[in-house]
Amino acid sequence: MAVQALDGTRVPIDWQRLAMPAVLIVVGYGLIPAYASSYLVEAILLPFLALSLAAVGLNLLTGYCGQLSLGSSAFMAVGAFAAYNFNLRIDGLPLPATMILAGISAAGIGVVFGLPSLRLRGFYLAVSTLAAQFFVQWALTKFGWFSNYNPSGVISAPHLIVAGFPLDGATGRYLLSVTTVIVLTAVVWRLVNSATGRNFIAVRDNETAARVIGVPVLRTKLLAFAISSFIIGVAGVLWAFTYLRTVEPAGFNLDRSFQILFIIIIGGLASMRGAFLGAAFIVVFPLLLSRIGAFAFGDLFDSGVLDMSQRIVLGALIIIFLIAEPSGLSALFDRLKRRIG
Amino acid sequence: MIGASLGAAAYERASEISAILAVANPVDDRRLARLSSRPDVVLALSGIGISFGGVKALSDVDLEVEVGEIRAVIGPNGAGKSSLINIISGLYHADRGRIAIDGQSFSQVPASRLARLGVARTFQNLALFGGLSVRNNIACGRVHTRRASFVEHIAGLPRARSEDAGIAEKTDQIVAFLHLESVADRLVATLPYGLQKRVELARALVAEPKLLLLDEPMAGMTATEKAEMAGFVRAARDRHGVTIILIEHDIGVVMGLSDRVAVLDYGRKIADGTPAEVRADPAVIRAYIGTAEGENGEDIR
C-alpha cells in the first residue's frame with residue numbers, strides 16, 4: 001500500500017512507524033475513556049498530561065536550546081490566570097481560542113523574562129528566570145483584578161464546552177487534555193525536527209559557531225522562550241481547568257518549577273519521549289511509594305514520613321540520574337529495547 | 001630601575017598617542033580604499049592592532065588576499081595568528097585598523113553578518129554541534145540562506161520544503177566531495193577527531209563562501225590525515241574557486257600548499273611573499289629557530 005505525496009510520487013507506508021501512534025490512539029481515545037476509573041483519570045492521568053505538556057515546553061527551551069529556566073511554574077500561572085480572565089471577560093469566546101490566547105499571553109511574558117538570556121548563560125540565566133517566578137506570583141496576589149477580586153486570589157475553572165459538547169465530567173476533561181497534549185506535542189515534534197529546531201541545538205552546542213555561520217542567535221533564543229512559554233502556559237490552563245479546577249497563585253510556586261525541571265532531567269533532556277516518561281514517573285512515584293510504604297511498615301508510614309521519604313528518594317534519584325544516566329529514562333528505555341529486540 | 005620604569009611610562013604614553021593618531025589616520029584609509037577597490041582583492045587589512053590587558057597581540061598588521069589564492073599566515077605560538085582570524089571573522093574587535101571584505105570596509109566586522117558577506121571559517125578547537133548528525137551539521141552551514149519562518153517549517157509550507165530540498169542537495173554534494181558518505185548519518189560527536197575536522201571544513205564549504213578562513217585545520221592530525229586534508233583544501237580552491245586564508249603552525253604543510261605566506265612574530269608581520277621567498281628570509285629563520293644571535297649580537301650560527 002502507498003500514499004500519494006504532495007509532489008505526486010507514491011510513498012510506501014512505513015507500518016512500523018505507524019504502529020506506535022496507532023496503539024496510542026486506540027488506548028487514548030478508546031480504552032481509557034471507556035474503561036478507566038475516575039480515580040485513574042482524576043488522580044493520575046490529568047496531572048500526568050498537564051505535567052507532560054509543561055515538560056515538553058521546558059524541554060524545548062532547556063533540552064534543545066540549552067537555556068536553563070526555573071520559571072516554568074510562573075508561565076503555567078500566566079496561562080491559567082490569562083485563560084480565566086479571557087473566558088470571564090470576553091463573552092462567548094470558544095475554549096480553544098481561550099487556550100490559544102492564554103498561551104500567547106504566557107509567550108509574551110516568556111519573551112520578556114527571556115531577554116536576560118541575550119547576556120547571561122547557564123547558572124546566571126537560571127537565577128534571572130527566578131525573577132519571573134517571584135514577580136508573577138507577586139503580581140497575581142497583589143492585583144485582585146487577575147482573580148476577579150477573589151479575597152484569597154483563588155480562581156475556579158469555568159464550564160468547559162467545545163463546539164457545544166460539555167466536557168466538565170472526568171472523561172470530558174480527559175479528552176480535552178489528551179487532545180491538547182497530542183496536538184501541541186505534534187507541533188513541537190515538527191519544530192524540533194525542522195531547521196528551526198536545528199538552530200536551537202546549534203545555539204545550545206556552540207553559540208559562537210552558530211553566530212558565525214549565520215544562525216540568528218538572539219532571535220533563536222527569544223523564539224525558544226516564546227514557544228516554550230506558550231506550551232507551558234497551555235499546560236497551566238490544563239492544570240487549572242481540567243485537573244485541579246480551583247487554583248491560587250501560591251499553587252504555582254518554585255516547587256512546581258523544580259518538579260518540571262526534574263521531569264526533564266529524569267526523563268531525558270532533548271527527548272520528546274523523555275518528557276512523558278519523566279512526568280509519568282513523577283506522578284506515579286509518590287503513589288507507589290505510599291503503597292509500598294504502607295505495605296512494608298503499616299501504620300508507621302504516615303503522611304509525614306511519606307512526604308519526607310518521597311523527597312529523599314527523589315533527590316537521590318536525581319543525583320543518580322545525573323551521574324549514571326544523564327540522558328535519562330529515555331536512554332534507559334532505548335537500551336532496554338535494544339536488549340529485548 | 002628608575003630608568004626602566006620611566007622608559008615604560010614613556011612607552012605607554014607613546015603607544016597611546018600613536019593609537020589616537022592611528023584612529024584618524026587618513027593614510028590607512030586611503031591605502032585601504034585603494035586596495036579594496038581592486039576587484040582582485042577579496043580581503044584587505046590595514047594597520048590592524050589589538051591588545052589584551054596591555055599585551056599587544058597584534059600591531060600594525062597589513063594583509064591583502066587576492067581572489068583564488070591560498071594565503072597562509074604562519075608564526076610561532078602566540079604570534080597572533082588566531083587573533084587575526086578572530087578579527088577577520090568579527091569575534092574580536094580590533095583596537096585600530098580597518099578590514100575590507102569584498103570592497104566593504106569595516107572597523108569591526110559584524111560576526112552575525114559574516115556568512116552573508118561571503119566569509120566562512122573553521123575553528124582551531126572543534127566547534128561542531130555535537131547533538132546533530134554529520135549531515136545536519138553540514139546543512140547548518142547554509143542557514144544564512146534560509147528565509148522561511150518557524151511557522152512555515154512546522155506546517156511544511158512550500159517555501160520551507162523547497163529550502164530544505166535545496167540545502168539537502170548542496171549538503172549531499174559536499175558530503176560526496178569530502179568522502180563523508182559512510183558517516184553522514186552518525187552523530188558528529190561520535191566521530192574521531194580527524195573526521196570531525198573534515199566535517200567542520202564541510203560545514204564551511206557548503207556555504208559557498210568567497211573567502212574561507214581555516215584556523216589550524218591540520219592541528220593534531222597524523223601525517224596521513226594532514227596530507228588528506230591538504231588535498232581537500234587544494235581541491236576546494238581548484239574546484240569551487242574559493243579564496244582561502246590558512247592559519248597554520250606546521251610550516252612544512254604550508255610551504256607546499258600556499259601561494260603566498262605571511263609570517264607573524266610577536267604580533268608583527270615580519271615577512272610576506274611566496275613560500276620560497278619566506279623560507280629564505282633571515283627574520284623568519286630567526287623567529288622559527290629562536291634567536292640566531294647571541295647576547296652581544298654576534299652571529300652564533
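General remarks:
- Modelled label positions at B:Q108 and A:L118, each set 7 Å beyond Cα in the direction of Cβ, lie 1.4 nm from each other.
- Given charges at beta-carbon only (K, R positive; D, E negative), |dipole| of region A:205-311 in Debye: 420 debye
- Over the protein assembly as shown, volume per residue of the alpha carbon convex hull, in Å³: 251 Å³
- For region B:130-204, average projected area of the Cα convex hull in nm²: 4.9 nm²
- Cα gyration tensor, region A:9-124 - rounded (a/c under 1.5), prolate or oblate: oblate
- The 1.4 Å probe gives accessible areas that order B:D185, B:D265, largest first, as B:D185, B:D265.
- The alpha carbon gyration tensor of region A:233-341 gives principal lengths a ≥ b ≥ c with a/c of 1.5 or higher and a/b no greater than b/c, which makes the shape oblate.
- Shape summary: region A:15-70 maps onto an equivalent ellipsoid whose semi-axes, from the alpha-carbon gyration tensor, are 28, 19, 5 Å in decreasing order.
- For the residue pairs B:K56/B:K197; A:K337/B:K197; A:K221/B:K170; B:K170/B:K197, alpha carbon separations beyond 22 Å are given by B:K56/B:K197; A:K337/B:K197; A:K221/B:K170.
- Packing here is the average count of other Cβ atoms within 10 Å per residue, and on that basis the peptides A:225-231, A:116-122, B:85-91, highest first, run A:225-231, B:85-91, A:116-122.
- Sites B:H240 and B:E181, calculated FRET efficiency, Cβ-Cβ separation with R0 22 Å, nearest 0.05: 0.70
- Cross-link partners for A:K142 among the aspartates and glutamates, with Cα-Cα distance under 19 Å and sequence neighbours closer than 8 places in the same chain left out: A:E248.
- Cβ-based charge dipole, the protein assembly as shown, positive-most Cα from B:V253, B:V278, A:F262: A:F262
- Accessible surface, per residue, of the protein assembly as shown when the full set of protein chains is kept, probe 1.4 Å, Å²: 47 Å²
- With the simple model of a label 7 Å out from the Cα in the direction of the Cβ, A:V27 to A:I320 spans 2.4 nm.
- Approximate spin-label separation A:V127-B:D250, in nm, with each point projected 7 Å along Cα-to-Cβ: 4.5 nm
- Chain A: C-alpha gyration tensor shape, a/c 1.5 cut-off, then a/b vs b/c: rounded
- Mean partner shielding of peptide A:214-227, defined as the number of other chain Cβ atoms within 10 Å of each residue Cβ, is 3.
- Shielding of peptide B:136-142 by partners, expressed as the average count of other chain Cβ atoms within 10 Å per residue Cβ, is 4.
- When chains B and A come together, the accessible area they lose, probed at 1.4 Å and totalled over both chains, is close to 2100 Å².
The values are calculated or read from the model by the stated rules, or taken from the named source; none is laboratory data. The shown structure was predicted, so the numbers you read here are calculated from the model rather than taken from an experiment. Glycine gets a Cβ as well: all are built from the backbone with ideal geometry, and neighbour counts include every protein chain shown. These accessible areas exclude ligands, DNA and RNA; they are computed on the full protein's heavy atoms, side chains included. Shrake-Rupley method; radii C 1.70, N 1.55, O 1.52, S 1.80 Å.
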